[in-house]
Amino acid sequence: MAAKKQIKKPRKAARKKVEAKSKGLGARDAKVSTDGLTLVEDLAKDGGSVVGTYKEPIGGTTVVVAALPIDLVEPTPYQRDRSEAHTRKLADAMERVGRFLDPIIAVRKDGKYWTPNGNHRLGAMKLLGMQSIMALVIPDPDVAFKILAMNTEKAHNLKERSLEVIRMYRGLLTEKGGNESDYLTIFEEPHFITFGAAYEKRPKFSAGAFTSVVKRLEGFLEEPLKDAIATREARADLLLQWEDEIARVVEALKAKGLQSPYLKNFVVAKVNFLKFQKGNDFDWEETIEKLIAATKKLDVSKVDKAALSAMGGGGGGGDEE
């Protein structure tokens, strides 16, 4: 099997020191006229109210400050699911303060307004029975695809981020096309794509146990999204096969009386031969198949509490992830 051609995300260069107040727009340069701005006309037709406009200071692009009818606003279909507990907590805080001071970001899409970073604030406002919501509306629909960079509302965990990426991947596949490697700045890291495909198939997939291995193997595929998605699906299937073998070993370890919340991580570390090899030029599928084979051959009779503790897996009981 020929190895897939993939590229690693370039390392970020060290940030250079810049002279204070040497970039961006000055405060007096932020004004922008609404004349001829199609978005303003669309907002009026949709029942929204334009409060003002400005040029944001980094790129100088236009932003419209508007009150939007709340029933026209919805989260992008790519982002993580809303946490109801966080939504209730946010609604309680808003009610105590008696103000909504953190506008969501929104882009107009087919007469609706998608928010890539305001899902919980939107949910909280709906929970409070509000009629409208304040938004920074951007006349650039592609912002909806830059959700990972824009979403600062609530910290992601690995599952949430991975599911966001695979949903966004499928959205780009339908709406944009192009090569997977064209979107490396949007997806951030290639392993999120594979993990997302795995989480779609198995919501309780333990991605954290595999991160150290998969991050080393992954790169962005230099092939069209419509072909690359099949590769990601196949990689997800291999990871799930490996997880099944690991689960079998974990059960055998538990039967010996070994208890730890990190047993899956322990098994992965035990069979991970990559830690003894330099470089990152490994065939993805071939490597995972070797790790699956090594997991099948693992002799649990040779594993004791001392071995578990030595690899950082000891220290009390707990449930597996």
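The values are calculated or read from the model by the stated rules, or taken from the named source; none is laboratory data. Just so you know, these numbers come straight off a predicted model, no measurement behind them. Cβ placement follows ideal geometry from the backbone for every residue including glycine, while neighbour counts extend to all protein chains displayed.
Confirm whether Glu200 is among the charged types (D, E, K, R), within 27 Å of Thr87 (Cβ to Cβ), free of Cβ contacts under 8 Å to residues at least 40 places away in the same chain and part of a helix (DSSP H, G or I). Before you say what the answer is, go through the steps one by one.
Working: among the charged types (D, E, K, R): yes; within 27 Å of Thr87 (Cβ to Cβ): yes; free of Cβ contacts under 8 Å to residues at least 40 places away in the same chain: yes; part of a helix (DSSP H, G or I): yes.
Spelling it out, Glu200 is indeed among the charged types (D, E, K, R), within 27 Å of Thr87 (Cβ to Cβ), free of Cβ contacts under 8 Å to residues at least 40 places away in the same chain and part of a helix (DSSP H, G or I).
Would you check which residues across region 257-289 are under 24 Å from Pro190 (Cα atoms), in contact (Cβ under 8 Å) with a residue 12 or more places away in the chain and part of a loop (DSSP other than H, G, I, E, B) and list them?
Asn272, Asn280, Phe282, Asp283
Could you tell me which numbered condition Phe205 fails, if it satisfies all but one of (1) over 17 Å from the mean Cα position of the chain (by Cα); (2) at pLDDT 95 or above; (3) assigned to a loop (DSSP other than H, G, I, E, B)?
Failing condition for Phe205: (1).
List the number of the failed condition for Ala85; all other conditions in (1) more than 30 Å from Leu221 (Cα to Cα); (2) surrounded by fewer than 16 Cβ atoms within 10 Å (Cβ to Cβ); (3) at pLDDT below 90; (4) not basic (Lys, Arg) hold.
(3)
The rows are residues; the columns are (1) within 15 Å of Asp71 (Cβ to Cβ); (2) at pLDDT 90 or above.
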site	(1), (2)
Ile105	no, yes
Asp110	yes, no
Trp114	yes, yes
His120	no, yes
Met125	yes, yes
Leu128	yes, yes
Ala135	yes, yes
Pro139	no, no
Ala144	no, no
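Could you check region 184-198 and list, in sequence order, the residues that are buried (at least 20 other Cβ atoms within 10 Å of the Cβ) and touching a helix residue (DSSP H, G or I) at 6+ places or on another chain (Cβ under 6 Å)?
Phe187, His191, Phe192, Ile193, Thr194, Phe195, Gly196, Ala197, Ala198 - these are the residues of region 184-198 that are buried (at least 20 other Cβ atoms within 10 Å of the Cβ) and touching a helix residue (DSSP H, G or I) at 6+ places or on another chain (Cβ under 6 Å).
Would you list the strands (runs of 3 or more DSSP E) that sit entirely within region 71-147 and hold 2 or more residues that are closer than 26 Å to Tyr54 by Cβ and of a type in the set (Ser, Thr, Tyr)? So that I can check it myself, show each step before the final result.
On the way: elements: 73-75, 104-109, 112-115, 132-137.
So the answer is 112-115.
For region 35-55, check the following and say yes or no: at least one residue is assigned to a loop (DSSP other than H, G, I, E, B), touching a Gly at 6+ places or on another chain (Cβ under 7 Å) and outside the structural domain of Arg121 (by TED's automatic domain parsing).
Residues of region 35-55 that are assigned to a loop (DSSP other than H, G, I, E, B), as a first pass: 35-37, 46-48.
Narrowing the set further to residues that are touching a Gly at 6+ places or on another chain (Cβ under 7 Å) leaves 46.
Subset that is outside the structural domain of Arg121 (by TED's automatic domain parsing): none.
Checking region 35-55: not a single residue is assigned to a loop (DSSP other than H, G, I, E, B), touching a Gly at 6+ places or on another chain (Cβ under 7 Å) and outside the structural domain of Arg121 (by TED's automatic domain parsing).
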